[in-house]
Every structure is written in structure tokens, then in C-alpha cells.
1. So what's the range 226-271 giving for Cα Rg divided by 2.2 N^0.38 Å, two decimals?
2. Using alpha carbon coordinates only, what is the Rg to Rh ratio of the range 194-283, with Rh defined as the Kirkwood radius?
3. Determine the gain in length on full extension of the stretch ASP199-GLU99; use 0.36 nm per residue of separation and subtract their C-alpha separation, reporting nm with one decimal.
4. With viscosity set to 1.567 mPa s and temperature to 4 °C, compute the Stokes-Einstein D of the range 241-297, Rh being the Kirkwood radius across alpha carbon pairs; µm²/s, no decimals.
5. Contour minus end-to-end for ALA152 and ASP219, with contour as 0.36 nm per residue of separation and end-to-end as the Cα-Cα distance?
6. Bin all alpha-carbon pair distances of the range 171-247 at 5 Å intervals from 0 and give each bin's fraction as a whole percent.
7. Carbon and sulfur atoms: what percent of the 1.4 Å accessible area of the range 142-297 do they account for?
8. When ranked by the protection proxy of mean other Cβ atoms within 10 Å per residue, highest first, what sequence do the peptides 282-290, 146-154 form?
Amino acid sequence: MHRAAWLLLAAAAAGATLAACATHSETAPPAEGPPSLRLAAAPGGDGHAASAAQPAVVDDTPPPHLALASLAKDPASPSDPTASAHPSCPDGMLLVEGEYCTEVREDCVEWEDPPSNKLARCAKFAPSECVGSRVHKRFCVDRDEYAPPGEALPAGDLSWTQAKEVCEHQGRRLCMETEWEFACEGQQMLPYPTGYARDPSTCNFDKGDLLDDKGKLRDQREPPSELERCVSPFGVRNMSGNVDEWVFRDRTWGEWRSALKGGWWMAARDRCRPATTAHDEHFHELQTGVRCCADAL
């Protein structure tokens with residue numbers, strides 16, 4: 001989806017007539033890209049997709065303000081030395097362990113936008129129900145979105161390919177989609193990392209005035225230190241809003257290995273389960289960033 005297209009969607013979402021107290025169920029949010037065979041995780045559950053399904057990927061040209069050599073040469077030191085809450089994880093990462101649900105039913109009881117809107121926002125959900133099976137997961141995840149060393153704002157304008165390199169240069173890897181979801185929603189299967197109600201005062205989303213007077217996207221990223229209440233059940237920060245985060249797809253369907261999770265600062269879904277799958281592995285815009293995962297010791 002090109003910038004003009006998503007800006008039209010953003011305008012539609014932001015300017016839609018508010019609707020209240022409609023009921024809608026979601027068991028598996030539809031992918032937003034062309035249908036294709038889903039990529040399965042490699043046997044052994046090591047968190048990487050089978051190599052046979054991986055097409056060749058050419059290197060992207062880094063965006064002008066980011067150079068991958070300096071971006072990912074060394075892991076950024078966490079601002080909080082206690083960020084790693086478990087000895088099984090590197091500094092700046094948190095342990096995520098528990099029972100992940102493969103398919104979740106989420107009933108919205110109060111909508112902010114008409115539910116027919118593709119990017120409709122739900123103001124309040126009923127308690128989630130696991131209608132799939134439970135799978136044990138144990139891995140490490142970055143507490144915060146990746147930020148270049150010495151910078152406060154999370155990195156933006158990264159493609160999936162660049163995000164993958166950023167993680168690998170730190171001895172980490174892209175999160176699998178299901179790992180990212182579990183780190184966001186917890187065993188409670190929360191629609192938002194902070195609970196069942198949407199709260200734009202807690203997380204960085206539902207921003208208006210997206211474009212400047214030249215039609216360029218305004219940079220409305222925020223430092224993690226200013227969003228300390230936007231925390232998932234596992235203690236992971238800012239998984240809803242701020243920047244869209246690249247993952248390795250292993251649940252939704254689509255043409256590419258890439259998917260974006262969590263949404264960004266515009267008024268859209270910004271929840272744990274939905275994925276944006278319409279962008280290929282070389283797409284990048286200001287709002288696309290990453291957080292990394294690693295295997296727990």
C-alpha cells in the first residue's frame with residue numbers, strides 16, 4: 001500500500017462517524033494482503049520459518065538518516081539497568097513464557113467507528129475467549145522498540161529486510177508473529193496490551209493532523225520513557241501505537257514473509273492480534289520500526 005492509499009484510509013478512519021454499542025466478533029483478523037500459502041515455522045519450533053519457503057531477498061538501500069552499519073553495530077544499552085527481568089534474557093529484553101492461544105474470539109461491545117470500516121477502532125471489548133488450542137511459548141523480547149544507540153526515539157523508516165538485519169547484528173532475530181502477539185496480549189489474550197478498553201492517553205495512537213502543509217507525514221513518534229503506562233502483561237512497552245513493528249509471519253496469510261504489528265500513531269486498530277500484510281519486504285515509511293526477539297537460555 002503506497003502512502004497516498006494509507007493516508008486515504010487514515011483520513012477515513014479519523015473522520016468516520018462515531019458509532020456506539022455495536023457488537024462484532026473476531027476470531028482471526030483477515031490479512032490485508034493478497035492471499036497465498038501461509039509460511040509455517042520450521043520443525044523443532046526454533047522460531048524461524050522453513051528455508052524452502054523463503055525467496056531470495058536483495059539488500060535494501062538504507063534510508064538517508066539511518067545507516068545500518070552504525071544502526072545495528074552494537075545493541076543499545078537499556079536506559080533502565082533492570083530492564084532484563086530474567087537471567088535467561090540479554091540486557092534490555094524480558095522473558096515471555098506461558099500458554100499462547102492459537103485462535104481468539106474478541107467481541108467488541110462499544111465501537112468508536114462503524115465496524116464495517118477496515119480500520120475501525122473498538123472502545124471496549126468483552127473478555128476474550130480462546131477458541132483454538134494452547135501452545136507453550138518461551139522466548140525473550142525487547143522491552144522497547146529498537147532505537148539507534150544514543151537516540152531517544154524508536155527507529156523508523158525501516159523495511160522488513162533492514163529490520164531483520166538490525167536484529168541479527170545484535171545476535172537477536174525478528175519476532176515471529178505469534179511471539180509478538182503473545183508478548184502483547186499475555187495469557188489473558190487482551191485485545192490491547194493495557195486491557196479491554198482503548199486508552200489513547202496511555203499509548204501513542206489516535207493522533208490527528210497527520211500531514212504538514214507540504215503533505216508530508218508528521219513525525220509523531222514518542223520516546224519509550226514518555227509512555228511508561230503503555231505496558232503489556234509481560235512488562236513490554238509500547239506494543240500498541242508509536243511505530244508499526246515488523247515481524248516474521250507465521251499465523252496470518254499473505255504473499256510475503258513480512259507483516260506489521262501494533263499499529264502506529266494514526267487512528268486505526270492498534271491492537272495485539274491484527275496484522276498489516278499488504279506491504280512487501282522492502283516497503284518502508286517513517287512509521288515502520290522493529291523490536292527484536294531471542295531464544296531464552
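The values are calculated or read from the model by the stated rules, or taken from the named source; none is laboratory data. Note that the structure is predicted; figures quoted are calculated from it, not measured. In this analysis, Cβ positions are derived from the backbone assuming ideal geometry, glycine residues included, and neighbour counts consider all displayed protein chains. Heads up: the accessible areas ignore ligands, DNA and RNA and are worked out on the full protein's heavy atoms, side chains in. Shrake-Rupley method; radii C 1.70, N 1.55, O 1.52, S 1.80 Å.
1. That works out to 1.27 for the range 226-271.
2. Details: Rg = 13.9 Å, Rh = 14.1 Å.
Radius of gyration over Kirkwood radius for the range 194-283 works out to 0.99.
3. Here the answer is 33.4 nm.
4. 109
5. 22.8 nm
6. 3, 15, 22, 22, 17, 11, 6, 3, 1
7. 47
8. Working: 282-290: 21.8, 146-154: 16.2.
Packing order, densest peptide first, comes out as 282-290, 146-154.
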